[in-house]
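Notes follow the structure.
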Amino acid sequence: MSTDFDVLVIGAGIQGAGAAEALVNAGYSVAILEQSGIAAATSSRSSKLIHGGLRYLETGQLRLVRECLRERQWLLDHKPHLVHMVPFYLPVYQHSKRAPWQIRLGLTLYSLLAGASREYARFRKIPREEWHTLQGLDQEGLLAVYRYFDAQTDDAALTHEVINSALHGGARLICPASLVGAELTDHGLLVDYVADGQLSTLHTRALVNCSGPWVASTNERCTPAAPLPRLDLVAGTHIELPIILGDSIFYVEAEDGRAIFVMPWRGRTLVGTTERSYHGDPRDVGPTVEEERYLLHTLQRYFPRTRNLVLSDICDSWAGLRVLPQTEASPFARTRETLISSDDSRHPRVLAVAGGKLTSYRATARKILRRLRPTLDGGLGGGSTQSAVNNPQGTSEKERNL
């Protein structure tokens with residue numbers, strides 16, 4: 001029995017898109033199984049940032065920050081139509097949890113990790129005489145303002161572009177479709193799925209589970225399953241307001257110490273994000289009134305001109321889900337490193353990818369590719385089946401064009 005594909009990727013968010021693109025570029029035949037649509041969940045509900053993660057320095061995640069800053073540079077160089085640098089302003093007040101010297105220390109380390117000689121890597125302290133230019137930022141109790149640079153993107157558009165790159169390389173997208181089950185046989189994985197109301201089957205040599213908030217439930221449908229640790233879903237809400245504060249992003253501190261971004265977005269102002277545990281169906285996640293009120297209050301705390309706004313002025317809001325390892329620590333303190341688990345350490349057949357950041361999707365894809373090479377290049381099941389996917393016979397027009 002021959003396999004139809006070298007790899008089946010489940011999920012067409014940014015992690016699945018990146019994995020599919022990397023595998024296709026490496027010469028493997030790839031199918032992508034997606035239940036609703038490209039970037040339909042978390043990958044279209046992020047903070048729209050391509051950044052190193054300044055706040056992750058506090059929890060000692062230097063490797064992650066450095067990796068993300070390298071990936072940021074690559075995206076700036078290769079996708080300037082989607083990723084662009086934006087000035088970030090970080091105000092420090094008398095009531096702030098972090099003193100000016102702590103902020104300066106963090107920005108210095110951030111600059112060094114980015115490569116201090118690079119364009120946009122350096123930061124500066126804004127002189128007091130320039131504070132009046134900061135889009136109406138409240139100056140009562142203001143001690144210092146620092147400016148540094150990070151990048152902004154359209155997360156959904158980036159995901160679509162990466163998926164399209166994979167499709168142009170020969171990948172096949174099956175959407176909408178849902179996984180019924182995957183079972184390892186002597187000849188590879190036998191995968192049952194439902195598409196267009198019909199039960200279908202394909203064969204693959206390996207399966208990569210990039211289903212985001214559904215990663216655990218998808219993993220349970222695989223035999224063998226990858227040994228995933230216990231995971232938490234953490235919801236993050238953003239609100240959009242019909243005002244323009246300028247073309248810069250502000251990195252402010254909510255009353256509980258959480259970092260909140262206030263940023264321009266499509267002629268409006270985007271504010272986010274929150275963090276709360278979520279235990280329901282990922283399809284049902286949405287903003288709560290309490291979260292909307294929290295974000296609006298944080299905005300008004302720093303920008304007096306917005307204090308006449310009320311909840312009904314919010315023109316849009318949404319919530320996305322992060323997948324984090326289950327610990328006693330707060331979501332802020334948990335690692336944001338991508339977790340990749342596999343059924344076998346030497347010749348993995350089933351990989352489960354939990355968490356991960358928009359910025360580092362390519363780095364995650366490279367790790368997936370390295371994990372699978374022993375299986376795809378020397379494991380059971382024969383060589384690459386690229387010719388199978390290059391033959392469109394039996395592939396619907398919808399699958400070829402999506």
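Observations
- Cβ-Cβ distances below 9 Å connect the following pairs, each with a first residue in segment 312-337 that is more than 21 Å from His297 (Cβ to Cβ) and modelled with pLDDT under 90, a second residue that is buried (at least 18 other Cβ atoms within 10 Å of the Cβ) and of a type in the set (Val, Ile, Thr), and a separation of six or more residues or different chains: Arg334/Val234.
- Number of residues in segment 176-208 that are part of a loop (DSSP other than H, G, I, E, B) and either at pLDDT below 95 or crowded, with 19+ Cβ neighbours inside 10 Å (or both): the value is 4.
- Residue ID - nearest to Leu270 (Cα to Cα), chosen from residues in segment 50-66 that are touching a strand residue (DSSP E or B) at 6+ places or on another chain (Cβ under 6 Å) and not in a loop (DSSP other than H, G, I, E, B): Ile50
- Residues of segment 108-129 that are charged (D, E, K, R), under 22 Å from Leu142 (Cβ atoms) and loosely packed, with under 13 Cβ neighbours inside 10 Å: Arg124, Arg128, Glu129.
- Considering Pro213, Pro229, the condition of being buried (at least 21 other Cβ atoms within 10 Å of the Cβ) and in contact with a Pro (Cβ under 9 Å, 6 or more places away or on another chain) is satisfied by Pro213 alone.
- Residues that are of a type outside the set (D, E, K, R) and touching a residue at least 12 places away in the same chain (Cβ under 8 Å), drawn from segment 298-309: Thr298, Leu299, Tyr302, Phe303, Pro304, Thr306, Leu309
- Top-ranked residue in segment 52-102 [being among the charged types (D, E, K, R) and more than 13 Å from Thr359 (Cα to Cα); ranked as surrounded by the most Cβ atoms within 10 Å (Cβ to Cβ)]: Arg55
- The test for being out of contact with any Leu (no Cβ under 8 Å at 6 or more places or on another chain), surrounded by fewer than 19 Cβ atoms within 10 Å (Cβ to Cβ) and either at pLDDT below 95 or not assigned by TED's automatic domain parsing to the domain that holds Phe250 (or both) holds for Leu105.
The values are calculated or read from the model by the stated rules, or taken from the named source; none is laboratory data. Owing to the predicted nature of the structure, the values given are computational and were not obtained by experimental measurement. Don't worry about glycine lacking a Cβ; one is built from the backbone with ideal geometry, like all the others, and counts go over all protein chains shown.
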